Structure formats: structure tokens, C-alpha cells
Amino acid sequence: MTYTSGWAVVTGASSGLGRGFATKLAADGMSVVLVARSAGPLHDLADELRETYGTEVEVIVADLADADARSTVIADLETRDVEVLINNAGFATSGDFADENPARIAEMISLNCLTLTLLSRAAVPGMIARGRGAIVNVASTAAFQPIPTMGTYAATKAFVLRLSLAMWHELRPSGVTVMALCPGATETDFWRIAGNPDGFRRRRTVAQVVATCFDSLAKGSPVAIDGALNTVLARTAPFVPDRLTMAIARFIARRP
Ligand SMILES: NC(=O)c1ccc[n+]([C@@H]2O[C@H](COP(=O)([O-])OP(=O)(O)OC[C@H]3O[C@@H](n4cnc5c(N)ncnc54)[C@H](OP(=O)(O)O)[C@@H]3O)[C@@H](O)[C@H]2O)c1
């Protein structure tokens, strides 16, 4: 199924992958709601999309790790006929678990897991009633194995992958599709914000991940892993002993 009209909601639309998803949806003819904390970049993107594609664009400035702000976005989702929801907002921490900032961990779990779950829950009843709709939950190749020094982040993405698969199975008969998008390292601000700006230097581009996302969504795939090498590594990880995958993952995730 392809999505070329109606409302699409993209969280984390102010930069990186979210900006790419929003631009593709607008180019395909959808009206778009852009959500993130950074008002300036969101309004700049909204202006650009309106001018370039003549599409309707709304901006919601919200800290999605904050319960009250999240509630305003949920209220919006419950009243709008959402065709496509892209739960993309997220971030990682890196470093030894014993040194992690507890408040930052709580913010990450809240954003990466709780917000994604509650926004999906808000959008699904309307999609079922209309017999169509798509939810893309941005997971990661980090979902496929534990990653020492990025352990909490990898666990949040394993949560996203498992939840998305169960949702895909439950919702398929209703005409609603759910997909876990699993990018590997991609060239965005993600690595700088994670405190490891030079980590994982073999990075894919936003354009490549966006193309993987929409090609797989059109096929109704429950999981989309971006890139051939990422696909091989992610799909073989479950067959390798945990101690070995963790040693390899820790080596790859090291700070140069
Ligand atoms: N880049 C990679 O290598 C990679 C690999 C696998 C998966 N991913 C996943 O891809 C998704 C997008 O990341 P990205 O690579 O595009 O990184 P990015 O450029 O840092 O984008 C993250 C987006 O999330 C938003 N965000 C962060 N905290 C937020 C909050 N509390 N409330 C609302 N919005 C918030 C940011 O906007 P504001 O700062 O304006 O709020 C920004 O728009 C994330 O879920 C990430 O885990 C990335």
C-alpha cells in the first residue's frame, strides 16, 4: 500500500531521519504534522514543504519525554484522521552503565519506549475504524543484540522491535500495517548527541534509510533493515553465542 493523501504525523521531524521522512511524505502528497522540541527548524521545514510541494503542514513543538507535552500530542492524534504515524524521535546514550546519568536514562526510556507506545495506542483505534493506516516505529539494528556501552539504548530498541512485531500481527486483519524500521549507523546528529561523534564511521545516508523505509512499507513488511551488510549482521546475530556478539558489538561501538 502507498500513502499519498491524508495526514501523516512525524515525531523528531526537526533533523536527521525525521526530516527525511517528512519531506518524502509531503512530496508524495500527504499533509504533514511535524513534532519535536526545536521550534525554529520545524517552522523552517514547514515553510519549505509548503512552498515546494504546496502541501498542508502543521507544527507541534513538544518535549515528548515530558508527560504533559506528550498528552497534548496524544490529544491531537485522537482527533485527527491519521493515515501514517512515524514514531521516529529518539536518542542514545553511550558509556559504561555504572556511569550513566539516571535522569538521562529515564528520559531516553520515556521517549524511545513510552512515547512511541502511547502515540501508537492513540492512533490505532481511528486507523482500525477506517480500515487503513500505517505506523512506522523507528527501531535500530541495535535491537538485534545487546551492546555493551550502549546497553540501555539497545534495550529500548529491542522493546520497539518486539512491540512492533506483535502490533503488526494483531492489526494486519484490520488493514492497518505496523513496521519496525531498523537503520544501522546513519549520518545524522544522532552520534554527536550520543556522546560518540566518531563512532560507527561506516554510515548510511538519510536518503538511503528513507528509501528503505518506504519501499518496505509499500510491501507491508513487518521489519525493514536498512542496507545489505546491516541485514546480514542483524539476521545472523541470534545464531551467534551471546558472549561473542557482545564482544563484537562492544568493539564496534567503542569510542575511537
Ligand atoms: N543515526 C543513526 O545512526 C541511527 C541508527 C539507528 C536508529 N536511529 C534512530 O533514528 C531515530 C532518529 O534519529 P536521527 O538519527 O535522525 O537523529 P537526530 O538527527 O538526532 O534526530 C532526533 C530527532 O528526535 C527529536 N527529539 C529528541 N528528543 C526529543 C524529545 N524529548 N521530544 C521530541 N523530540 C525529540 C529531535 O528533535 P529536537 O531536538 O528538536 O527535539 C530530532 O528531531 C531515533 O529514534 C534513533 O534512535 C538512528
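At-a-glance table
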{"item": "Nearest-10 value in Å² for the accessible area of TYR53, using the 1.4 Å probe", "result": "90"}
{"item": "Gyration tensor over alpha-carbon atoms, the chain, equivalent ellipsoid semi-axes in Å", "result": "28, 20, 18"}
{"item": "Rounded to the nearest 10 Å², the accessible area of GLU187 at probe 1.4 Å", "result": "90"}
{"item": "Segment 68-143 versus segment 1-28: alpha-carbon centroid distance in Å", "result": "15"}
{"item": "For segment 76-84, 3J(HN,Hα) per residue [Karplus equation, 6.51 cos²θ - 1.76 cosθ + 1.60, θ = phi - 60°, Hz, x = Gly/Pro]", "result": "4, 4, 6, 9, 9, 7, 8, 8, 9"}
{"item": "Under 5 Å, built H, 5+ apart or other chain: amide partners of ILE135", "result": "LEU85, THR177, VAL178, MET179"}
{"item": "Vicinal HN-Hα couplings computed from phi for segment 223-235 (Karplus, 6.51 cos²θ - 1.76 cosθ + 1.60; Hz; Gly/Pro x)", "result": "9, 10, 9, 7, x, 5, 5, 4, 5, 4, 5, 5, 6"}
{"item": "Carbon plus sulfur fraction of accessible area for the chain, probe 1.4 Å, in percent", "result": "56"}
{"item": "Average Cα contact separation per residue, the chain, under 8 Å, 6 or more apart, as relative contact order %", "result": "18"}
{"item": "Trypsin sites (Lys or Arg not before Pro), loop per DSSP, at most 10 other Cβ atoms within 10 Å - longest free stretch of the chain", "result": "1-200"}
{"item": "Integer Hz, Karplus 6.51/-1.76/1.60 couplings in order for segment 132-146, x for Gly and Pro", "result": "6, x, 9, 10, 10, 9, 7, 9, 4, 5, 5, 6, 8, 7, x"}
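The values are calculated or read from the model by the stated rules, or taken from the named source; none is laboratory data. From a predicted model like this one, the values you see are computed outputs, not experimental measurements. Positions of Cβ are backbone-derived with ideal geometry, glycine not excepted, and every protein chain shown enters the neighbour counts. The area values use the complete protein model at the heavy-atom level, side chains included, leaving out ligands, DNA and RNA. Shrake-Rupley method; radii C 1.70, N 1.55, O 1.52, S 1.80 Å.
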